[in-house]
Amino acid sequence: KGDLTRDRRVTLIHGQFTRKDQIPLYKKYKIVPSLYTLHTFYFADSHIKNRGTKEAMYISPMRDVLNAGIRATNHTDFAVAPLDQMFMLHSAVNRTSRSGATIGADQRISPFEALKTMTINVAYQYGEQSFKGTLTDGKFADMVILSADPTKVDRKKIKDIKILETIKEGKTIYTFQKPTAW
């Protein structure tokens with residue numbers, strides 16, 4: 001009921017087969033697409049066989065959604081694929097499949113944009129931007145310390161970056177421990 005363009009923070013989960021003509025509707029109706037760029041790695045080769053190359057190349061069209069001025073987010077689908085935030089970042093930036101094929105090079109985004117889809121945009125998606133999403137005075141001090149800067153390393157090495165420490169609300173809750181030999 002009422003104005004369908006009113007901001008309700010409606011979230012579209014996955015949207016891996018979003019069509020170009022749907023993106024303006026996401027914007028009009030203020031839909032926040034939570035895309036799943038890990039599909040480009042884990043499932044693209046199967047999608048090429050089952051749905052064809054054209055559709056597979058447009059899986060989770062992050063570039064077109066961001067270019068439309070939409071605050072998209074990127075997510076994992078734990079239990080379907082490993083929970084690995086750095087690999088998710090890698091998938092948004094590189095868009096390569098298990099076989100090594102490039103999946104929609106025109107939908108790649110920069111490492112900085114990819115980080116925003118995992119932080120600032122997520123806080124917005126949940127209506128929590130006043131206290132989460134950026135390192136700003138007065139907000140929760142939730143952050144990770146990484147072994148390298150994803151905006152500076154070779155794009156193909158983003159997946160190799162280690163999370164050294166996780167800090168939540170100002171307290172360390174995880175510290176990387178180098179594995180010992182078996």
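The values are calculated or read from the model by the stated rules, or taken from the named source; none is laboratory data. This is a predicted model, so every value here is computed, not measured. Here Cβ is always computed from backbone atoms with ideal geometry, including for glycine, and neighbour counts include all displayed protein chains. Heavy atoms of the whole protein, side chains included, go into the accessibility calculation; ligands, DNA and RNA do not. Shrake-Rupley method; radii C 1.70, N 1.55, O 1.52, S 1.80 Å.
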Note to self: I need the full set of residues from segment 67-81 which are modelled with pLDDT of 95 or more and either in contact with a helix residue (DSSP H, G or I) (Cβ under 6 Å, 6 or more places away or on another chain) or of a type in the set (V, I, T) (or both), in order please.
What the structure shows: A68, I70, R71, A72, T73, N74
Next item on the list: Return yes or no: is S91 under 11 Å from the mean Cα position of the chain (by Cα), in a helix (DSSP H, G or I) and buried (at least 19 other Cβ atoms within 10 Å of the Cβ)?
Entry: yes
Note to self: So D137 ticks every box in (1) part of a loop (DSSP other than H, G, I, E, B); (2) open to solvent by less than 70 Å² (accessible area, probe 1.4 Å) but one. Which box is left unticked?
What the structure shows: (2)
Next item on the list: Return the total of residues in segment 23-48 being outside any helix (DSSP H, G or I) and in contact with a helix residue (DSSP H, G or I) (Cβ under 8 Å, 6 or more places away or on another chain).
Entry: 7
Item checked: Evaluation of I31 against (1) open to solvent by 30 Å² or more (accessible area, probe 1.4 Å); (2) out of contact with any strand residue (DSSP E or B) (no Cβ under 6 Å at 6 or more places or on another chain) (one fails), failing number -> (2)
Margin query: Pairs needed: first member in segment 54-83, among the hydroxyl-bearing types (S, T, Y) and open to solvent by less than 40 Å² (accessible area, probe 1.4 Å); second member anywhere, assigned to a helix (DSSP H, G or I) and modelled with pLDDT of 90 or more; C-beta distance under 6 Å; at least 6 residues apart or different chains.
Written below: S60/H39; T73/T117; T73/N121; T73/V122; T73/Q125; T76/M88
Note to self: Just the residues that are buried (at least 16 other Cβ atoms within 10 Å of the Cβ) and over 25 Å from N94 (Cα atoms), please, taken from segment 140-164.
What the structure shows: F140, D142
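Taking segment 108-133 as the search range and keeping residues that are within 16 Å of the chain's Cα centre (by Cα) and polar (S, T, N, Q), which one is surrounded by the fewest Cβ atoms within 10 Å (Cβ to Cβ)?
Taking segment 108-133 first, the residues within 16 Å of the chain's Cα centre (by Cα) are 108-126, 133.
This time we only want the ones that are polar (S, T, N, Q), so: 110, 117, 119, 121, 125.
Values: S110: 15, T117: 26, T119: 18, N121: 22, Q125: 21.
Here the residue is S110.
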Next item on the list: Scan segment 125-146 and report the pairs whose first residue is within 26 Å of K30 (Cβ to Cβ) and whose second residue is of a type in the set (D, E, K, R) and in a strand (DSSP E or B), with Cβ atoms within less than 9 Å and a gap of 6+ or a chain change.
Entry: F140/K168; D142/K168
Next item on the list: Could you figure out which of (1) over 19 Å from the mean Cα position of the chain (by Cα); (2) within 21 Å of S34 (Cβ to Cβ) isn't true of G104?
Entry: (1)
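Return the residue satisfying two criteria in turn: it lies in segment 1-22 and is within 22 Å of A123 (Cβ to Cβ) and not in a strand (DSSP E or B), and of such residues it is most open to solvent (accessible area, probe 1.4 Å).
In the first step, residues of segment 1-22 are kept if they are within 22 Å of A123 (Cβ to Cβ); the result is 6-15.
Subset that is not in a strand (DSSP E or B): 6-9, 15.
Working: R6: 129, D7: 67, R8: 90, R9: 62, G15: 13 Å².
The qualifying residue most open to solvent (accessible area, probe 1.4 Å) is R6.
Restricting to segment 95-107, and then to whatever is open to solvent by less than 10 Å² (accessible area, probe 1.4 Å) and in contact with a helix residue (DSSP H, G or I) (Cβ under 6 Å, 6 or more places away or on another chain), can you tell me which residue is nearest to R8 (Cα to Cα)? Step through it out loud before you land on a result.
Here is the first cut: in segment 95-107, the ones open to solvent by less than 10 Å² (accessible area, probe 1.4 Å) are 95, 97, 103-104, 107.
Within this subset, residues satisfying the condition of being in contact with a helix residue (DSSP H, G or I) (Cβ under 6 Å, 6 or more places away or on another chain) are 95, 97, 103, 107.
Working: R95: 31, S97: 35, I103: 32, Q107: 27 Å.
It comes out as Q107.
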